[in-house]
Amino acid sequence: MRPILMTMAEIYVPDGNWTFDGEIIRIVPTSEKNAHEIRRALGEIVVPLAAVAAVSFEPARKGGWLRLRMRPGADPLSDLAMGQLTSPADPYRLSVPKERTDLAEYFVDEVRNALLIHEVPSGPCDTYLMPRTAVPVSASAGDGTVTFDGEQVRLEWTGFAREAKSVLGPQSYHLTDVTGVEWAPQSGLSYGCLRFHLTYSTPVVASEIDPRCLSWGVQRYGGTTLLVGAAVLTHMAMRTPEPPAELTAGPTAEAADQEAVMRRLTALGELHRNGLLTEEEFTAAKQPLLRRLTEF
């Protein structure tokens, strides 16, 4: 039996408030109107200790940075951003003034001790541990608007879109056709983009003429398109896996299919136990899986 860890660490600075109770890290952004739109849109974030790979304090001349690094596969936002967010957009980075550096270092010690006591691995997770972004969710940037309702991704173009996109009109992709999501902020002369990879092959072209993606060249971070992409990734992880095409009817194929369904049920149960799925969401997600089990 793991020991019960009773602790409390907190730090309040102009950039926001972080508290740790031994099991979760609660991140509350600043209420200032000039806070970055990504952090405003995310609002309060609850990070389970099991989702944390590392925590550190990075000193600087006028204070430093308190920083969380998430385990791969634990947080869709971190997986999608791939370290490309810098302050003030990064919700897992807190600017600490010089007079609060001692509190930041204490905070780091408490979280590190908890990670050791609970033997939290720093390696990849099998399922997302962070709460899902509520849907429908949408964002506008550069040449269009992207919307995701939990089942469908829709791209609509603005007057800034290139002719290669505008002549095609709005684009819609069902979640089952999406195989991946790519996100990158604008950097130097390179355009930022939110790109969707699909089951049917299409040539890879520049983001400003690719109908599968939004593209921007002025906004450093592309508005809140990152949150839309993270929502799509989360729902992709929840969908029922299809049996591999090479598996034909027979005992081997049936066993493999049944095992895949059981793995998905286990993952959904873990999300429910961690409070990341409501009772209604858990019931709705498991029903088609249970029906498939009765067919074996």
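The values are calculated or read from the model by the stated rules, or taken from the named source; none is laboratory data. Here the structure is a predicted model, which means the values were calculated and not measured. Cβ sites come from the backbone with ideal geometry, for glycine too, and all protein chains shown count toward neighbours. We work out accessible area using only protein heavy atoms, side chains counted, and drop any ligands, DNA or RNA first. Shrake-Rupley method; radii C 1.70, N 1.55, O 1.52, S 1.80 Å.
Longest span of the chain, sites excluded, free of GluC sites (Glu not before Pro) in DSSP loop with at most 15 other C-beta atoms within 10 Å? Walk me through the numbers on the way to the answer.
Numbers: sites that count: E23, E32, E44, E119, E151, E246, E295.
The segment 152-245 is the longest one with no such site.
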Which labelled figure in (i) 17.3, 48; (ii) 23.5, 96; (iii) 21.2, 68 is Rg and Dmax of the Cα atoms in Å, once derived from the coordinates: (iii)
Region 1-82: trypsin sites (Lys or Arg not before Pro) in DSSP coil with no more than 12 other Cβ atoms inside 10 Å: K33, R61, K62
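Determine the share of the chain's accessible area contributed by carbon and sulfur atoms, expressed in whole percent, with a 1.4 angstrom probe. Please report the intermediate quantities before stating the final value.
Details: 8290 of 15380 Å².
Percent of accessible area from carbon and sulfur atoms in the chain: 54.
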Contact order normalised by residue count of region 89-173, Cα under 8 Å, 6+ apart, percent: 15 percent
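Relative contact order for region 30-156: what percent, with Cα pairs under 8 Å and sequence separation of 6 or more?
Details: 159 pairs, mean separation 33.9, N = 127.
Relative contact order, region 30-156: 27 percent.
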Relative contact order of the chain, pairs being alpha-carbon contacts under 8 Å that are 6 or more residues apart, as %: 15 percent
Cα pair distances in region 1-129, grouped into 5 Å bins until the bin that holds the longest one, percent each: 2, 11, 21, 23, 22, 14, 5, 2, 0, 0
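Can you list the DSSP H helices in the chain whose Cα atoms extend at least 30 Å along the helix axis and whose mean Kyte-Doolittle hydropathy is 0.5 or higher? Intermediate results must be reported in sequence, preceding the final value.
Details: long enough: 251-273 (33 Å, -0.48).
Qualifying helices, which must be both long enough and hydrophobic enough, do not occur.
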Between region 26-44 and region 100-140, the Cα center-to-center distance that results, in Å: 17 Å
³J(HN,Hα) computed for each position of region 137-144 - Karplus, 6.51 cos²θ - 1.76 cosθ + 1.60, integer Hz, glycine/proline x: 9, 9, 7, 10, 6, x, 9, x
About the Cα centre, charge dipole magnitude for the chain (Lys/Arg +1, Asp/Glu -1 at Cβ), debye: 560 debye
FRET efficiency, 1/(1 + (r/R0)^6) with R0 22 Å, evaluated for L175 and R291 via beta carbons: 0.70
Environment charge at R220 (Cβ cut-off 13 Å; Lys +1, Arg +1, Asp -1, Glu -1): -2
DSSP-assigned coil residues among trypsin sites (Lys or Arg not before Pro) in region 172-232, each with at most 15 further Cβ atoms within 10 Å: R220
Within region 144-200: Cβ-based charge dipole about Cα centre, in debye rounded to nearest 20 (Lys, Arg +1; Asp, Glu -1): 200 debye
Hydrodynamic radius of region 56-164 per Kirkwood, over alpha carbon pairs, in Å: 17.1 Å
Highest-first arrangement of 51-59, 225-233, 172-180, where packing means the average Cβ count within 10 Å: 225-233, 51-59, 172-180
